[in-house]
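The values are calculated or read from the model by the stated rules, or taken from the named source; none is laboratory data. Here the structure is a predicted model, which means the values were calculated and not measured. Cβ sites come from the backbone with ideal geometry, for glycine too, and all protein chains shown count toward neighbours. To get the accessible areas, we keep the full protein, side chains included, count just its heavy atoms, and leave off ligands, DNA and RNA. Shrake-Rupley method; radii C 1.70, N 1.55, O 1.52, S 1.80 Å.
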Amino acid sequence: MESYSSGSKLIRNLVILSDFVLLNMLLLAFLQFFPEIVPHTIKDTPRFDFFFANLALAVAEFFFHTIIHERRVSFDQIAVRGLQLVLTHAGIFFVLSRMYGENGGYFRFILIYTPILFLLLLLIRIIQLYILSKYRQMGGNTRRVLFVGSDPANMMLFEEFMADPSTGYQVIGYYSNEKIEGASEQLSLLGSLEELDELCSNDEPPRKIDELFCCLSHDESERISHIMQFCDKNVIRFYYVPRMQGNFRLNLIPERFGTMTLFTNYAEPLTKIGNRFVKRTFDIVFSLCVCLFLVPLIPIIALIIKIQSPGPIFFVQKRTGLNGKEFNCYKFRSMHVNKDADLQQATLDDPRKFPFGNFMRKTNLDEFPQFFNVLKGDMSIVGPRPHMLKHTEIYSGLIDKYMVRHFSKPGITGWAQVSGFRGETKELWQMEERIKRDIWYIENWSFWLDLRIIGRTFLSIIKPDKNAY
């Protein structure tokens, strides 16, 4: 858990205060502009219900106060926290008001009031995030960071800090006996590990440090211990950064084994039966809706395909799925029938594409039959995109963790596709980046992440991706 400065606590308290302001303004708006929705008891004795509403929010804030001030937090997490806050508040408010009020109408009022409060809270959170981001970019509420070690993992962490200035991290530099290969000029080498040892021997650091990220070999255990003691003495938050293994970070997740804490390299959320149930239920409901919409369009699409290119309507291809098993993947045929379909990726000006097929590929329309794959259970709506068997054969020998992506069902869309790594992979590094994102998705799955990916995929239909060909 992050150690918060007084500045972060002030931000949290100001946001909580704004929640109370929003609550009372919303109740006043209901009384002023929508009195027909408000129960008679609230209109007759509003001071009691205002008291109950504020008391309910105070209890809800105690359990689900804002996390907007935390630095390593996504908007998905903020939205979930906001939903928990609003539902808890609404439940307590309903119970207290219903116990006091003699007239009905409370249930209908709460059903209207709760979603409005949640939507307004999300809007306020977006504004607050923007203000906080600007404030931190201007140098306020910052955390000064020091790196130790030359492992590329430190460079990756530095790039994450720099990619999101709203986190408010100010990197001082790093200590190492060697330069980090490919390090940005912004990441300064401050000195050797021996010089760091001298620094740790002093009573106080020469400059203020809030957090220290150490990425050294376990062979340096004595030095790591010395650094930790230095951090404890100077109230500096210490983090050990797992070293890189090849081109991948060694993600270690703690697990209890009796009285000991062990570490595993993968802890997929979808190994939990509850998560799998949620994901599969959503897949079925969503796919049924899409398939019902798609059925009337199939004859029209089939006619256009037949006019522009003789051959079958659907393109069926063997692809690699869950646990490395093969399955038949369905698509609307977007290319002329050709012998290289199972061997060669589509290119920008691929002569095999016919005009309507090119349109379908740009708008993702050719992928819609894969919703039938989802209903069959071969695929999920969101997951690593399934690759043709030839690619699995080639890349599994070139990329160390390539087959890890098959721990999850393949998806119609995925995190790699909506984060800039869709389409043709001309060079090996492009496939490596795609695999990194596929593995990240497997390790960080959440229902909210799936919704976020689906939302970004719909946006790509409206505004086609430049890599969609």
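Quick notes on this structure:
- Once region 183-222 is narrowed to residues that are within 37 Å of the chain's Cα centre (by Cα) and open to solvent by 80 Å² or more (accessible area, probe 1.4 Å), the residue that is modelled with the lowest pLDDT is R207.
- Looking only at region 142-164, and only at residues there that are in a helix (DSSP H, G or I) and free of Cβ contacts under 8 Å to residues at least 24 places away in the same chain, the one that is farthest from L189 (Cα to Cα): A163
Every residue, every condition in (1) among the aromatic types (F, W, Y); (2) out of contact with any strand residue (DSSP E or B) (no Cβ under 6 Å at 6 or more places or on another chain); (3) free of Cβ contacts under 8 Å to residues at least 60 places away in the same chain, yes or no:
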residue: N358; (1), (2), (3): no, yes, no
residue: D378; (1), (2), (3): no, no, yes
residue: P386; (1), (2), (3): no, no, no
residue: I394; (1), (2), (3): no, yes, yes
residue: L398; (1), (2), (3): no, yes, yes
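- Consider region 410-444 and keep the residues that are of a type in the set (F, W, Y), in contact (Cβ under 8 Å) with a residue 12 or more places away in the chain and open to solvent by 20 Å² or more (accessible area, probe 1.4 Å). The one that is farthest from N364 (Cα to Cα) is W440.
- Answer from P254, P242 - the residue that is modelled with pLDDT under 80, touching a strand residue (DSSP E or B) at 6+ places or on another chain (Cβ under 9 Å) and within 30 Å of E220 (Cβ to Cβ): P254
- Top-ranked residue of region 129-141 - restricted to ones that are in a loop (DSSP other than H, G, I, E, B) and not polar (S, T, N, Q), ranked as surrounded by the most Cβ atoms within 10 Å (Cβ to Cβ): G140
- Among residues of region 354-385, those that are of a type in the set (G, A, S) and under 20 Å from R456 (Cα atoms), counted: 2
- Subset tally (residues that are part of a helix (DSSP H, G or I) and farther than 30 Å from S8 by Cα) for region 171-223: 12
- Residue in region 358-416 that is modelled with the lowest pLDDT, counting only those that are among the acidic types (D, E) and over 18 Å from L270 (Cα atoms): D400
- Within region 397-409, tally of residues that are of a type in the set (K, R) and either open to solvent by 10 Å² or more (accessible area, probe 1.4 Å) or over 25 Å from F458 (Cα atoms) (or both): 2
- Unique match (being part of a loop (DSSP other than H, G, I, E, B), surrounded by fewer than 17 Cβ atoms within 10 Å (Cβ to Cβ) and of a type in the set (A, V, I, L, M)) among L288, L375, L292, L343: L343
- Residues of region 295-328 classified as touching a Leu at 6+ places or on another chain (Cβ under 8 Å) and either open to solvent by 30 Å² or more (accessible area, probe 1.4 Å) or assigned to a loop (DSSP other than H, G, I, E, B) (or both), total: 2
- The residue that is surrounded by the most Cβ atoms within 10 Å (Cβ to Cβ), among those in region 224-239 that are part of a helix (DSSP H, G or I) and either over 34 Å from the mean Cα position of the chain (by Cα) or touching a residue at least 24 places away in the same chain (Cβ under 8 Å) (or both), is I227.
- For region 419-435, the set of residues classified as touching a Phe, Trp or Tyr at 6+ places or on another chain (Cβ under 7 Å), in a helix (DSSP H, G or I) and not hydrophobic (A, V, I, L, M, F, W, C) consists of Q430, E433, R434, listed by residue number.
- Selection within region 74-128 - under 30 Å from P165 (Cβ atoms), open to solvent by less than 50 Å² (accessible area, probe 1.4 Å) and not hydroxyl-bearing (S, T, Y): D76, I78, A79, V80, G82, L85, V86, F118, L121, L122, R125, Q128
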